[in-house]
Amino acid sequence: MKDLYIKKFWDEENILFYLHSRDNVIVRQIEIQGTRKVCLDEKNPCQGEYALADVTLSELDIEYPVYITEEEFESVWNNENNVVFIPKGDIFRLAYVTSYAHGCNCAGAMGKGVALQFKERFPQMYEEYKSLCKKRQFTLGDVFVYPHHTNGFVYNLATQQDWRTMANLEAIKSALIKMLEHASASQVRMIALPKIGVEFGGLNWKDVKIVIQQVSSQYPNVRLFVIESYLR
């Protein structure tokens, strides 16, 4: 049996579709629009106005299909809120996501881990971030929002004082709130981020995960995709 997992976003209706096909037959389907999420399968093919596709994958004739991993599909299928935890992947390769976030220190350094990827991808952002740190205008709980050329934003979250100190859970909460306030006002619908405050921050991921879920629940129009194991 051949299983394929597809992700498709329809701009006109602001709907995100996920499809799981087996031997060219659609067996599971997810529809996400704003706060609404509908999961359909062969046991539950219809839910009100929503129905599982009754044609084959090739008959759907999806323009520019994006094939995703089974892990991403299952994470969305099993998740009940607007935070999707993906076991492994690359935040910069998630289809339709053009806004990103990551945890930063307040000392002007992005020399390791995912932060280094941000520094390499957005060199001008890094220079502005470093300048803010030098002027002490980027402190715990702050967010430095950087608009980039692909019609999205980078949210630099001030989660720890420097690379020697542990991340601060209250700072993470404060920065997430500020990020989601900005995203809601700017009509940003999706943000991808790695797990923050853990690897170089020293916090327990279960504790950080709870904070992300609690804060995110107050902003249902913004969906977060959290990569738990970053693969470049």
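The values are calculated or read from the model by the stated rules, or taken from the named source; none is laboratory data. In this text the structure is predicted, and so the values were computed from the model without any measurement. Reconstructed Cβ throughout: ideal geometry from the backbone, glycine too, with neighbour counts over all protein chains shown.
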Only residues that are among the aliphatic types (A, V, I, L, M) and out of contact with any helix residue (DSSP H, G or I) (no Cβ under 8 Å at 6 or more places or on another chain): list them for region 174-232, please.
-> Ala175, Met179, Ala183, Ala185, Met190, Ile210, Leu231
Right, Leu169: within 24 Å of Lys88 (Cα to Cα), over 13 Å from the mean Cα position of the chain (by Cα) and surrounded by fewer than 22 Cβ atoms within 10 Å (Cβ to Cβ) or not?
-> yes
Given region 55-122, what helices (runs of 4 or more DSSP H) lie entirely inside it while holding 1 or more residues that are within 27 Å of Met166 (Cβ to Cβ) and not assigned by TED's automatic domain parsing to the domain that holds Tyr18?
-> 113-121
Could you give me the residue pairs with C-beta distances under 8 Å whose first residue belongs to region 83-94 and is over 20 Å from Asn221 (Cα atoms) and in contact (Cβ under 8 Å) with a residue 12 or more places away in the chain, whose second residue is among the aliphatic types (A, V, I, L, M) and surrounded by fewer than 19 Cβ atoms within 10 Å (Cβ to Cβ) wherever it lies, and which are 6+ apart or on separate chains?
-> Lys88/Leu231; Gly89/Leu231; Asp90/Leu231
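Kindly establish whether Val188 is within 16 Å of the chain's Cα centre (by Cα) and in contact (Cβ under 8 Å) with a residue 60 or more places away in the chain. Explain how you work it out, then say what you get.
Numbers: within 16 Å of the chain's Cα centre (by Cα): yes; in contact (Cβ under 8 Å) with a residue 60 or more places away in the chain: yes.
Considered against the rule, which asks whether it is within 16 Å of the chain's Cα centre (by Cα) and in contact (Cβ under 8 Å) with a residue 60 or more places away in the chain, Val188 comes out as yes.
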Check on Ala95, aliphatic (A, V, I, L, M), touching a helix residue (DSSP H, G or I) at 6+ places or on another chain (Cβ under 9 Å) and surrounded by fewer than 18 Cβ atoms within 10 Å (Cβ to Cβ) | no
Filtering region 16-42 down to residues that are modelled with pLDDT under 80 and either surrounded by 12 or more Cβ atoms within 10 Å (Cβ to Cβ) or over 27 Å from Gln218 (Cα atoms) (or both) yields Gln33, Gly34
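Identify all residues within region 196-232 that are in contact with a Ser or Thr (Cβ under 8 Å, 6 or more places away or on another chain), under 19 Å from Gln160 (Cα atoms) and at pLDDT 90 or above; write none if there are none. Walk me through it before giving the result.
To start, the set of residues in region 196-232 that are in contact with a Ser or Thr (Cβ under 8 Å, 6 or more places away or on another chain) comprises 196-197, 201, 219-222, 224.
Filter once more, so that each one left must be under 19 Å from Gln160 (Cα atoms): 196-197, 201.
Across region 196-232, the qualifying residue is only Ile196.
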Identity of the residue in region 133-162, under 17 Å from the mean Cα position of the chain (by Cα) and polar (S, T, N, Q), that ends up modelled with the lowest pLDDT | Thr150
With the checklist (1) modelled with pLDDT under 90; (2) closer than 27 Å to Pro220 by Cα in hand, flag the one item Lys112 doesn't pass.
-> (2)
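Scan region 139-150 for residues that are out of contact with any Lys or Arg (no Cβ under 9 Å at 6 or more places or on another chain) and part of a loop (DSSP other than H, G, I, E, B) and jot them down. Full working, then the answer.
In the first step, residues of region 139-150 are kept if they are out of contact with any Lys or Arg (no Cβ under 9 Å at 6 or more places or on another chain); the result is 139-140, 144, 146-147, 149-150.
Thr139, Leu140, His149, Thr150 - these are the residues of region 139-150 that are out of contact with any Lys or Arg (no Cβ under 9 Å at 6 or more places or on another chain) and part of a loop (DSSP other than H, G, I, E, B).
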